[in-house]
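Chemist: My questions will all concern the structure given below.
Every number in this text was worked out from the coordinates using simple rules, so none of it is lab data. Given the structure is predicted, the values throughout are model-derived calculations rather than measurements. When we count neighbours, we look across all protein chains shown, and the Cβ atoms used for this are built from the backbone with ideal geometry, even at glycine.
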Amino acid sequence: MTSLTGATSHLLPSATIAAISASTTARLAISFSSSSSSSLKCIRSLIGTTSSGRFSTFASPKCAASDPDQLKSAREDIKELLKTTSCHPILVRLGWHDAGTYNKNIEDWPQRGGANGSLRFEIELKHGANAGLVNALKLLQPIKDKYSAVTYADLFQLASATAIEEAGGPKIPMKYGRMDVSVPEQCPEEGRLPDAGPPSPAAHLRDVFYRMGLNDKEIVALSGAHTLGRSRPERSGWGKPETKYTKDGPGAPGGQSWTVQWLKFDNSYFKDIKEKRDNDLLVLPTDAVLFEDPSFKGICREVCCRSRRIFQGLCRSTR
Ligand code: HEM
């Protein structure tokens, strides 16, 4: 598996985060590595999706990796869950928060964090940044119970990718084979995920995302995932209790969305924030800075205008 970090394909498993930016054709899928070379001897299996969408095993496993047939069935169950609950946004956030603890500077797994299923443990769910994500875990737990040969780490990323696809986003070229941490002591320490209102938002975003091995373009594109979902003051402290766009749901009513159609995966995040056209739409300090910082600002413009090319380039870099 290749990774955006430039780490070589032997660094497995990897967390896959998908975010969209730009038009309905503009897509970004980002993978970054979450294991260490020291765990490699044990990891010989990769499961990927082929262009036809089938799950495939690239090599025979030596230690636990998700079963391809179970992954395929789990995906169908996730689709059903999405249909009945419209929980797309929170599943995307769950996948991102499991993966986003990744620290490229730490060699050892699981100390380096990343998509390793650690977010299922109470100690990590209680980190301030993860407020509300216990609800996503509750939604996925029955699927995990049904498919015991799918790891939490893979299930979270599968759920996130499926949610993006079902919301109208791209078909993400996912690979599977992530291993789970086994005890809460292996969870990362609190503080690896970004704050929404730090004193210097641009510097903060760079600190956090560069630590993951990502660059400015990827920060902008990933932030575009806020085209989906809402913020709830009772969870994160950000956003209004309800707006004209959220008071009737779907799903549990309330919160403040970044976009009007917050269950649709498109580039309206970039348009709506730039135009600042509606007080009912949310702009976090870390969103606003993307349109103020000279480097981020240029990329936002590019994302809006030339999104297809950006997507194609970034997709290539993740394979
Ligand atoms: C750039 C730094 C980021 C900050 C500061 C940030 C902060 C936040 C905050 C405060 C919320 C509201 C949570 C709540 O009240 O329930 C939220 C929601 C959300 N975030 Fe982010 N986020 C960031 C990046 C990302 C990325 C990279 C992704 C995905 C790739 C993402 C996906 C989401 C989604 C989908 C929601 C909506 C969840 C829901 O509706 O339940 N965020 N984020």
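Chemist: Counting other beta carbons within 10 Å of each Cβ, put F156, F209 in order, fewest first.
Modeler: Sorted ascending by nearby Cβ count, the order is F209, F156.
Chemist: I would also like to ask the following. Dividing the Cα radius of gyration by the Kirkwood radius, what Rg/Rh value follows for the range 63-193?
Modeler: Ratio of gyration radius to Kirkwood radius for the range 63-193: 0.94.
Chemist: Hey, if you drop one equal point scatterer on each alpha-carbon of the range 196-318 and run the Debye formula without solvent, what base-10 log of I(q)/I(0) do you get at q = 0.10, 0.22 Å⁻¹?
Modeler: Log10 of I(q)/I(0), two decimals: -0.32, -1.31.
Chemist: Once the other residues with Cβ under 9 Å from the Cβ of W258 are scored (Lys, Arg +1; Asp, Glu -1), what is the net sum?
Modeler: Around W258, the charge tally is -1.
Chemist: In nm, give the distance between the simple-model label positions of F291 and K171, each being 7 Å from the Cα along the Cα-to-Cβ direction.
Modeler: Each label point lies 7 Å from its Cα, and together they span 3.4 nm.
Chemist: When the Cα centres of the range 99-151 and the range 186-218 are compared, how far apart do they sit, in Å?
Modeler: Measuring centre to centre over Cα atoms gives 18 Å.
Chemist: So, counting K/R as plus one and D/E as minus one, what does the shell of residues with Cβ under 12 Å around E124 add up to?
Modeler: Charge balance in the 12 Å sphere: -2.
Chemist: Moving to a separate point now. Which of the pairs K79/K144; K104/K175; K171/K297; K79/K264; K171/K264 have their Cα atoms more than 25 Å apart in this structure?
Modeler: Flagged as over cut-off: K171/K297.
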